[in-house]
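The values are calculated or read from the model by the stated rules, or taken from the named source; none is laboratory data. Given the structure is predicted, the values throughout are model-derived calculations rather than measurements. Glycine also receives a Cβ, built like all others from the backbone with ideal geometry; neighbour counts cover every protein chain displayed. We work out accessible area using only protein heavy atoms, side chains counted, and drop any ligands, DNA or RNA first. Shrake-Rupley method; radii C 1.70, N 1.55, O 1.52, S 1.80 Å.
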Amino acid sequence: MATVHLRIGDLVWGKLGRYPPWPGKVVSPPKDLKKPRGKKCHFVKFFGTEDHAWIKVEQLKPYHAHKEEMIKINKGKRFQQAVDAVEDFLKKAKGKEQNSDSKGESKGKKTQNKPLKILDEDDEDLSALKDPSDKDLTDSDPEPSTVERLGGAGPGSGFKWENSPVKDDPHFHHFLLSQSEKPASSMEPISKRLKIVEEDSGSTSIQAADSTAINGSITPTDKRIGFLGLGLMGSGVVSNLLKMGHVVTVWNRTAEKCDLFIQEGARLGRTPAEVTSMCDITFSCVSDPKAARDLVLGPSGVLQGIRPGKCYVEMSTVDPETITELSQVITSRGRRFLEAPVAGSQQLSNDGMLVIVAAGDRSVYEDCSSCFQAMGKTSFFLGEAGNAARMMLILNMVQGSFMATIAEGLTLAQATGQSQQTFLDILCQGQMASTFVDQKCQNILQGNFKPDYYLKHIQKDLRLAISMGDMANHPTPMAAAANEVYKRAKALDQSDNDISAVYRAYIH
């Protein structure tokens, strides 16, 4: 196969990790963004998104020569929007070429003299752009000096340049995850366009401005990452950490589960203590409070290996009392602690679209920036340790109760002679329409209860949420009723099935 020679300004199809080929443009990287070592690659700005990435040359194809081929194999709405953005860009470029030389030169000079500004959704001059997905491709001139300025902005940097006016909006602005207290001029590029929302409670929400876009140029931390627990959620997380270039050492109680990740480039730790002794940041994701405690306090556990100054991140969904205990044990020995349970499912974990809810040491949260970008679409920081556990139990209590109610509705429809499919069709056209409702109901109607989130785990979360309500002297009658339904489902051997298998508690 002949080598394709590319240069700044060329339009290409770029393949990044598990994502489909996507249209982009070769641009100059920011001056402070180093090229990956040992890789022959180009820096690409993707159309229709706010993402940049280093792409290996073998993962790049010329845009025009492969356009028909790519359009045939990709049919998604966002993909079509990206292709439309390319065509709009080409039309603009063609229109500029038809202008007189003097007019073109005059316009070029005018552009260079303007203070550089990275547009946000609420910028007044954003309306001047015909295609919102083409925000930083407003000039078709591929001259390196111009493209370099544009290529270094947007999602790769996540902030406004020092010489650009910033609108005074306390509720929305681009935010650098790892350097939140520093001025814009000192910020390093990161992969996703982010926004920060400061709540009255003091919590902080850090979110991708376009969570449906494909991942961009995540610059992996140089810290060594450890991961303990390769279950439904942990497996997807580790896979995404590896794909985005992190150095990861893994351990799992059932060692065979590590094999696949070793093949993907992970290192193997023989015990939790060995992993934590080798790594700067160690994550754990296990099933329940007992497993979380045993991992830290048990023989060859985390506490025996973690060194002063190193970080431990508890991603398991457990009760706040367990988090408080683990936090005190870790920090009292000069180590650093963060809780970061995740909202989502196996599919969302595989897709790198989890929601991370964190609390504890803010500096650890910032050190985990590239890891959270790899595994999730959004992360929230809620302050002191224990707050994330409380929030996650409330979220899962609502989800579990809702799933039980949906199952109850399906069985009541059947019992009263109504079509379950019609019930679902109507439901998905109303205010409660969601991917969650559609997928879970379809699973029920098809009798497919392959676990995306274990039923036994949602019942555990309901139990812990009810206990938390008792301690706060707050009634949780809906959760208590749902918990009884899940307990019946467990008695019917549905523990290891998906949460949608709660349906079977109503038909037996």
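Most tightly packed first, judged by the mean number of other beta-carbon atoms within 10 Å of their residues, the peptides 418-427, 296-305, 332-341 read 332-341, 296-305, 418-427. Cα centroids of the stretch 338-399 and the stretch 220-284: how far apart, whole angstrom? Each part reduced to its Cα centre gives a spacing of 18 Å. Extension gain, D493 to M278, is 73.4 nm, computed as 0.36 nm per intervening residue step minus the present C-alpha separation.
Divide the volume of the convex hull of the Cα atoms of the stretch 306-462 by its number of residues and quote the answer in cubic angstrom per residue. Per residue, the Cα convex hull of the stretch 306-462 comes to 120 Å³.
Over 26 Å between Cα atoms: which of K91/K243; K223/K456; K440/K487; K72/K450; K40/K96 fall into that group?
Flagged as over cut-off: K91/K243; K223/K456; K72/K450; K40/K96.
Beyond 18 Å, the tail of the calculated P(r) for the stretch 371-508 holds 59 percent of the Cα pairs.
Using θ = phi - 60° in the Karplus curve 6.51 cos²θ - 1.76 cosθ + 1.60, the 3J(HN,Hα) couplings for the stretch 331-343 round to 6, 5, 9, x, 9, 10, 10, 9, 9, 8, x, 10, 9 Hz; x is entered for Gly and Pro. Given R0 = 30 Å, the distance between the Cβ atoms of K31 and A93 translates into a calculated FRET efficiency of 0.75.
Model label points for Q304 and C41, set 7 angstrom from Cα along the Cα-to-Cβ axis, are 3.9 nm apart. Annotation: amide H of S495 has no partner in the under-5 Å range at sequence separation 5 or more or interchain, hydrogens built in the peptide plane. Averaged per residue, the stretch 392-474 has 53 square angstrom of accessible surface, using a 1.4 angstrom probe with ligands and nucleic acids left out. Under Stokes-Einstein, with the Kirkwood radius over Cα pairs as Rh, the value for the stretch 300-399 at 10 °C and 1.306 mPa s is 116 µm²/s. When each of the peptides 232-240, 287-295, 391-399, 261-269 is scored by how many other beta carbons lie within 10 Å of its residues on average, the order from highest to lowest is 232-240, 391-399, 287-295, 261-269.
Starting from one equal scatterer on each C-alpha and no solvent at all, send me the Debye-based log10 I(q)/I(0) for the stretch 213-362 at q = 0.14 Å⁻¹, two decimals. Values returned for q = 0.14 Å⁻¹ are -0.61.
Would you kindly state how much longer the chain becomes between I262 and E321 on full extension, computed as 0.36 nm times their sequence separation minus their alpha carbon distance, in nm to one decimal? Write down the numbers at each step before the final one.
Working: separation 59, 0.36 × 59 = 21.24 nm, distance 3.46 nm.
Between I262 and E321, full extension yields 17.8 nm more.
Extension gain for the segment S419 to A481, taken as residue separation times 0.36 nm less the Cα-Cα distance, is 19.7 nm to one decimal.
Within the set of other residues whose C-beta is less than 12 Å from the C-beta of D10, count the net charge using Lys and Arg as +1 and Asp and Glu as -1. If you can, show how the numbers build up before the last one.
Details: positive: R7, K25, K45, K61; negative: none.
Net charge in that neighbourhood comes out at +4.
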